[in-house]
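The values are calculated or read from the model by the stated rules, or taken from the named source; none is laboratory data. Quick caveat: nothing in here was measured; it's all calculated off a predicted structure. Cβ placement follows ideal geometry from the backbone for every residue including glycine, while neighbour counts extend to all protein chains displayed.
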Amino acid sequence: MLLYLASCTGKTSSTLPTEPPIQITDTPILSPTLRATETLIPGATYSPSATPKAGINLDMYYRVPISYADLISHPYDFIQAPDPINDRAVFDKWFTEDLMGVIGSRTDRQVNLQVSALGNAYESVNAWPDHPTKIQGKLGFFWFIYRGVVVPVIVINVSRFDPAFVDLTLCVGLFNGSQIPWDGTVSLERLSNGGLITQIDIYKTSKPMGVFLGDFGASFVDSTGDTWTNLPDNVAFGLGFLGVTETK
């Protein structure tokens, strides 16, 4: 089963912050070995009605499924995006005009996670706290279909320097992991149960060190590279990994 997640929040503003740039770090990161199988919604295609002409429905945008099964069972209860690879122009227009409209300017976004380090290097964009950390506020959510696979995306605003100010917004797509104690499906369920965040990665190469993306993941990343990892106003989108602790 394949899963993707991501998160972004905020309002629009024309004022840009003067915060220090994201720091590139050489701190080693634990990376999962990833593999993917396909999970389909029979006959599912992009539905323009999922994105009203007036823009993204905020109630739907902040609605995160409690599980992957919930998403598969009720896909159109959640925001659907165009296929980023096969409908690139349509996706870029949707991302720029609709999604960025609800993500908004960094000055107006609300922090979801305080981290101790951010990295933007050749292989990946990374964010991680120095201890498992609770999510604050509302996460954004959307999904899309690529090669018949339903890909959930959690949009999350992180702060590195000022706990009241967003430094980076990550929209992360996650796979099942074969060498970690949870996979993308479990990450989504753990989020809904109040699990804590330990790490976030977005991959810029299909062969990052120590990580095996599999055919599906490699084809996606080979098609995107770092296309969406340095978007205006510090937004990053792509296939990645979300570490969430298990709740007891």
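The figures follow:
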item	result
Residue pairs meeting the criteria (Cβ under 7 Å; at least 6 apart or on separate chains; first touching a residue at least 12 places away in the same chain (Cβ under 8 Å), in region 221-248; second among the acidic types (Asp, Glu))	ASN234/ASP167; GLY240/ASP201; PHE241/ASP201
Test for THR185: is it hydroxyl-bearing (Ser, Thr, Tyr), under 22 Å from VAL150 (Cβ atoms) and in contact (Cβ under 8 Å) with a residue 12 or more places away in the chain	yes
Qualifying residue in region 139-153 (condition: over 25 Å from ASP83 (Cβ atoms), out of contact with any Gly (no Cβ under 6 Å at 6 or more places or on another chain), in contact (Cβ under 8 Å) with a residue 60 or more places away in the chain and assigned to a loop (DSSP other than H, G, I, E, B))	no
Subset of region 86-106 [β-branched (Val, Ile, Thr) and surrounded by fewer than 17 Cβ atoms within 10 Å (Cβ to Cβ)]	VAL90, THR96
Subset of region 212-227 [over 26 Å from SER192 (Cβ atoms) and surrounded by fewer than 22 Cβ atoms within 10 Å (Cβ to Cβ)]	PHE212, ASP215, ALA218, SER219, ASP222, SER223, THR224, GLY225, ASP226, THR227
Qualifying position, being farther than 20 Å from THR229 by Cβ and touching a residue at least 12 places away in the same chain (Cβ under 8 Å), among ASP130, ASP87	ASP130
Of all residues in region 53-85 being of a type outside the set (Gly, Ala, Ser) and surrounded by fewer than 14 Cβ atoms within 10 Å (Cβ to Cβ), the one that is farthest from VAL153 (Cα to Cα)	LYS53
Selected residue (only one of THR205, THR245, THR224 is more than 14 Å from the chain's Cα centre (by Cα) and within 20 Å of VAL150 (Cα to Cα))	THR224
Residue match in region 170-193 (condition: of a type in the set (S, T, N, Q), at pLDDT 90 or above and farther than 21 Å from GLY104 by Cα)	yes
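For every residue, the table says whether it meets (1) modelled with pLDDT under 85; (2) farther than 21 Å from PHE91 by Cα.
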| position | (1), (2) |
| --- | --- |
| PRO132 | no, yes |
| ILE154 | no, no |
| MET209 | yes, yes |
| PHE216 | yes, no |
| ASN230 | no, no |
